[in-house]
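So the structure is just underneath, and the comments pick up after that.
Coordinate-derived values only; no laboratory data. Quantities reported herein were computed from a predicted structural model and do not represent experimental measurements. For neighbour counting, all protein chains shown are included, and Cβ atoms are generated from backbone atoms with ideal geometry for every residue, glycine included.
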Amino acid sequence: MTLAPVLCAFDASEPSLVAAHAAAWLAAELGAPLELVYALDHDELPALPRSGPTLDPEVRDMLHEHQERDEEAWARAEIAATVSTLPGDDVSGCVLIGWPVDVIRRRAEEREAALVVSGTAARRGLQHILHGSVSGDLAAEAPCPVVAVPPDAALGEPGPVLVGDDGSDHGRRAVRHAEALAGRLGRGLVHLHVEDGDPVEELARAARERRACLAVTGTRGRGPLRGQLFGSVSAGLVRAAGRPVMLVSERAGSPA
């Protein structure tokens with residue numbers, strides 16, 4: 001039987017390197033293959049000057065082709081260098097062309113991925129909303145749970161999987177996925193229902209005190225501003241938990 005892989009959004013940045021190590025830990029614990037997915041958006045290549053020889057359409061096309069080949073070669077080299085540092089016997093990578101969220105969503109569908117892992121700069125407030133979040137957009141679009149890994153995340157902690165359960169449909173969905181993941185990881189499961197106090201602070205404190213290996217929260221769907229993580233609790237937990245956070249949207253389907 002072919003195991004569902006863990007996919008990791010990768011772009012060779014520091015946040016994505018942290019995410020790659022988190023993804024490698026998860027894949028190893030699950031006994032699953034790991035694939036780093038480097039999405040290249042050629043529309044974001046530096047613009048060519050609109051003067052001199054580059055005014056010639058043939059010259060412009062030739063230079064664009066060189067830019068694209070160089071960028072793809074660099075991306076493959078970065079993947080190869082990173083794969084060589086990760087544990088596991090079944091670690092691979094690929095370079096795909098297009099908008100990262102769309103490319104990774106399609107790849108997750110094709111590969112029937114168990115999880116998608118993404119790094120995040122965990123920006124705060126309005127800056128976070130305006131700049132958008134690949135983790136947030138992926139969690140809205142991916143056909144499986146998305147694990148957001150902040151730069152300061154403690155990886156491979158010895159404690160349980162901790163899930164926030166507010167009794168809602170979103171909370172129950174998160175609990176189902178958390179139960180399945182805890183079973184696969186061989187970890188205990190801690191349900192936390194916060195009635196008093198700030199849910200983010202209480203969940204984050206419990207995750208740290210129990211040295212939870214992962215925190216899990218349901219999401220309420222995309223907000224009115226593109227790229228916003230789903231709700232203040234999800235976004236706050238990613239910033240405050242100090243460990244990977246699994247975001248479970250209604251598109252995540254049933255747990256494997």
What would the Debye equation give as log₁₀ I(q)/I(0) for the range 150-251 at q = 0.12, 0.18 Å⁻¹, counting only Cα atoms as equal point scatterers? -0.34, -0.78
Just to confirm a number: summing +1 for Lys and Arg and -1 for Asp and Glu over residues other than residue 212 whose beta-carbon lies under 9 angstrom from that of residue 212, what do you get? +3
